[in-house]
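K.L.:
Handing you this structure, nothing more for now.
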Ligand SMILES: Nc1ncnc2c1ncn2[C@@H]1O[C@H](COP(=O)(O)OP(=O)(O)OP(=O)(O)O)[C@@H](O)[C@H]1O
Ligand SMILES: [Mg+2]
């Protein structure tokens, strides 16, 4: 009998037990931290469709930095980002790591409560000091440990480009001074594009743009098997083949399929091909509700109509036919097509053809039409 809990994690923002793929990116970043301030891979802009694993990658990058003793600063959300960094986040890190501040506090007599630590630090680093100076001081301290600071920002598309731009200016300053810093941001492709168009973010434009693509089937099978086996059950080749066919390389589905296949009979030692195959209807429904419906809701009607016209085909759709079905000229079709490609809902599939980027969008659109 198997007693282990379900090891799959089909939730957004939650790191998987076993990471599939992404090794090259993570290793490059690890090397970049070694290489010193000039290394281009120290500034990463990670983009990808919803559920492609952007947050998971950011978490992994943070882990790599922490393993090396680096400090990680998650940039606060909202328009008060810089104020929050300046008024609390960075002073708190200084309070924790600046031993000279700590020493002064203790020689000052008495054991002080947290409140007075922050007073002490604020005395030393008044809020009116610019953020750059505060960060500079923190980096001075870190130099002593041969470590640095990694800044991360998730959900770029939700941040104000102006606020990120102002942070970028500060960061750029630190880079120019050869400080040990790194920066990794993640967001939907449109959010990253918008950020890059913002003035004053030269460093962002030079940052390495990493696009998270679908996982290779081989990586899906390897990770699925390892997740199952680490939790005390087994899964055979045939089941793994079916698994990869349902997942289509999409990370969220790797978790979702595994989660539901596991649940069929948690006490049984082996997960069978039928356990896996049986998850498909549920997978289609969940994908539709959690991924496709929100994405479609944000679209103008014309683009939605374009997708509906594509869904009439079982495979890639001919652009000429899409235009015909919509009753619009080719030129208009081209505009819709380009917008949908920017949003990564659609991809070119050879000359004159388009296809859906994410699995089960066709199924979702057809179900909607019914
Ligand atoms: N490399 C991976 N291997 C295995 N599972 C993964 C991998 N990347 C992501 N996942 C799983 O996929 C799901 C979605 O991941 P994540 O939340 O990172 O996506 P995201 O791109 O940040 O989505 P969103 O656009 O909603 O922010 C999670 O359940 C996560 O555990
Ligand atoms: Mg995310």
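K.L.:
Please report, for the Cα atoms of segment 217-285, the Rg to one decimal and the Dmax as a whole number; what are they, in angstrom?
P.N.:
When restricted to the Cα atoms of segment 217-285, Rg and Dmax are 10.4, 29 Å.
K.L.:
Relative to 2.2 N^0.38 Å, what does the C-alpha radius of gyration of segment 17-97 come to as a ratio? Two decimals please.
P.N.:
1.25
K.L.:
Using packing as a proxy for protection, rank 248-257, 347-356, 224-233, 135-144 so that the peptide with the highest average count of other Cβ atoms within 10 Å comes first.
P.N.:
248-257, 224-233, 135-144, 347-356
K.L.:
Which value in Å does the Kirkwood hydrodynamic radius of the chain take, with 1/r averaged over all unlike C-alpha pairs and then inverted?
P.N.:
Evaluated over the chain, this radius sits at 23.3 Å.
K.L.:
Please work out whether segment 286-369 counts as rounded, prolate or oblate from its C-alpha gyration tensor, where a ≥ b ≥ c are the square roots of the eigenvalues and a/c under 1.5 means rounded, while otherwise a/b larger than b/c means prolate and anything else oblate?
P.N.:
Note, shape of segment 286-369 comes out prolate.
K.L.:
Given a cut-off of under 8 Å on Cα pairs at least six residues apart, what relative contact order in percent is computed for the chain?
P.N.:
Reported as a whole number, the value is 21 percent.
K.L.:
So what's segment 228-370 giving for Rg/Rh, alpha carbon basis, Kirkwood Rh from the mean inverse pair distance?
P.N.:
My calculation of the ratio gives 1.08.
K.L.:
Sorted by mean Cβ packing within 10 Å, highest first, what order do the peptides 312-321, 202-211 take?
P.N.:
Final packing ranking: 202-211, 312-321.
K.L.:
Order 90-98, 190-198, 24-32 from most to least packed using the mean count of other Cβ atoms within 10 Å.
P.N.:
Highest mean packing first, the order is 90-98, 190-198, 24-32.
K.L.:
Please report the relative contact order for segment 271-357, taking Cα pairs under 8 Å with a sequence separation of at least 6, and give it as a percent rounded to a whole number.
P.N.:
This gives 24 percent for segment 271-357.
K.L.:
Let me ask you something else. Extent of segment 178-312 along each principal axis, from alpha carbon coordinates, in Å, largest to smallest?
P.N.:
For segment 178-312, the Cα spread along each principal axis is 58, 48, 20 Å.
Bear in mind that the values in this text are calculations on the coordinates, not laboratory data. Small disclaimer: the values here were computed from a predicted structure and weren't measured. Note that we place each Cβ from the backbone using ideal geometry, even for glycine, and neighbour counts take in every protein chain shown.
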